[in-house]
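Where a number appears in this text, it was derived from the coordinates with a stated rule and is not lab data. Predicted model, so just to flag it, every value in this text is computed and none were measured. Counting neighbours? That spans all protein chains shown, and the Cβs are built from the backbone with ideal geometry, glycine included.
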Amino acid sequence: MHIAILSQKPESYSTRRLVEAGEVRGHRMSLINYMQCTMVIASHRPKIAYMGEPLTDVDAIIPRISAPQTLYGTAVVRQFEMMGVYSVNGSQAIARSRDKLRSLQILSRKGIGLPVTGFANAAKDVQGLIQEVGGPPLIIKLLEGTQGIGVVLADTQNAAESVIDAFRNLNANILVQEFIAEAGGADLRCFVVGSKVVASMIRQAAPGEFRSNIHRGGTGTKVKLTPEERSIAISAAKAMGLHVAGVDIIRSNHGALVIEVNSSPGIEGIEQATEKDVAGQIIEYVATHASAKKTKEAEKIVSEDH
C-alpha cells in the first residue's frame with residue numbers, strides 16, 4: 001500500500017517514525033510537503049500535484065498539519081478526500097480541532113467534562129467575564145495558540161484585566177478559563193488510535209512553569225488511566241471526528257476534565273515515556289481502514305454493474 005505523510009518537517013521524530021513503521025510493515029511510504037501541493041478543482045476529476053508531478057497512486061494519507069498552515073493544509077487533505085484517498089483524520093475534523101472555541105462547544109454538547117470557560121467578542125465587561133470562570137487565578141488562551149504558546153496564567157484581578165486588555169487591543173480572540181490548581185501543573189496525554197487509548201503518560205510542568213507541554217520543558221512518564229479517564233479520552237476524540245488524536249486531560253476535584261484535543265499529536269514523548277510502538281499502531285490502523293475502504297468501493301462498483 002502507498003501511504004503518504006503530509007508534513008512540512010521530514011526531519012521530525014514523528015514523521016521519521018511513521019515512515020520507519022510503514023516500511024517495516026512492507027508499505028511504500030512517501031513524504032509530501034503539503035504547502036508545495038497544487039490543486040486542480042474540477043467537477044468530475046479533481047487533481048493534485050506535488051513538485052509538478054501528479055499524485056495518482058496514493059492509497060492513504062496521514063496528515064501532520066501545522067497550526068499556522070491549517071487553512072491550506074486542510075484544503076490539501078480535502079482534495080485527497082475528493083479523489084477517494086483515505087485520510088486517517090478528515091479535513092473537517094482537523095479544522096474543527098484547531099478552533100479551540102468550537103472544540104469546547106462540541107465537547108460541551110456531548111457532555112464531556114471541561115474547565116469553566118468564558119469567551120466574548122469585545123470583552124467590555126472584563127470583570128464580569130473573569131468572575132464567570134471563578135475569578136483569579138485563571139488561564140487566558142489565544143484561540144490560535146498551540147504547544148503552550150499564547151497561554152498566560154493571571155494570578156490576580158489586576159493581572160487578568162491587564163492581559164485581557166492587551167490581547168483585546170491587538171484584536172486577538174481569547175478564551176478565559178478557570179485554573180485547576182489541584183492539578184499541580186500536571187496533565188494526562190492520552191493517545192487515541194481508532195476507538196482505543198494505545199498509550200498514556202502524565203506530563204509534569206517544569207519548576208516555576210504551569211504549562212506541562214514537553215516542548216516547554218515538561219517531563220512525561222508512563223501512567224495508568226482510570227476507566228473514566230480512558231472513556232473520556234475516547235469520547236472526546238470521537239466527538240471531534242478524529243481517528244488519531246492526543247487528548248489532554250487534567251485531574252480536578254470534580255473529576256477528569258478535557259483541556260484540548262490535538263489532531264497532530266507528537267509521537268516522540270509518548271513513545272519514550274511508554275516504550276510502546278505508537279507509530280506502528282497508527283500505520284496498522286491506516287492500512288486496515290484504507291483497505292476496507294477500497295473493498296467497499298469495489299463492491300459498490302460490482303453491485304452497480306449488476
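Among I164, I259, I41, the largest mean-square fluctuation in a Gaussian network model of the chain, built with springs joining Cα atoms closer than 10 Å, belongs to I41.
Counted by Cβ distance under 13 Å from S162, the other residues give a net charge of -2, where Lys and Arg count +1 and Asp and Glu count -1. Cross-link pairs exceeding 31 Å in C-alpha to C-alpha distance, out of K47/K293; K47/K110; K222/K293; K9/K141; K47/K196, comprise K47/K110; K222/K293; K47/K196. DSSP beta bridges fully contained in the chain are about 80 percent antiparallel.
Taking the convex hull of the alpha carbon positions in the chain and averaging its projected area over all directions gives 18.0 nm². Compared with the dominant Cα axis of the chain, that is its longest principal axis, helix 100-109 is turned about 90°. For the stretch 2-87, the share of DSSP beta bridges that are antiparallel, to the nearest 5, is 35%.
In this simple spin-label approximation, K222 and A75 carry label points 7 Å from Cα along the Cα→Cβ vector, and these lie 4.5 nm apart.
When T219, T74 are sorted by how many other C-beta atoms sit within 10 angstrom of their C-beta, beginning with the fewest, the order is T219, T74.
Computed from Cα atoms, the angle from the helix 227-240 axis to the main principal axis of the chain rounds to 60 degrees.
Treating only the Cα positions of the stretch 63-136 as identical point scatterers, give the base-10 log of I(q)/I(0) from the Debye formula at each q in 0.15, 0.28 Å⁻¹. Scattering profile of the stretch 63-136, log10 relative to I(0): -0.68, -1.18. Net charge dipole, the chain: roughly 340 debye, given to the nearest 20, about the Cα centre with Cβ charges of +1 for Lys and Arg and -1 for Asp and Glu.
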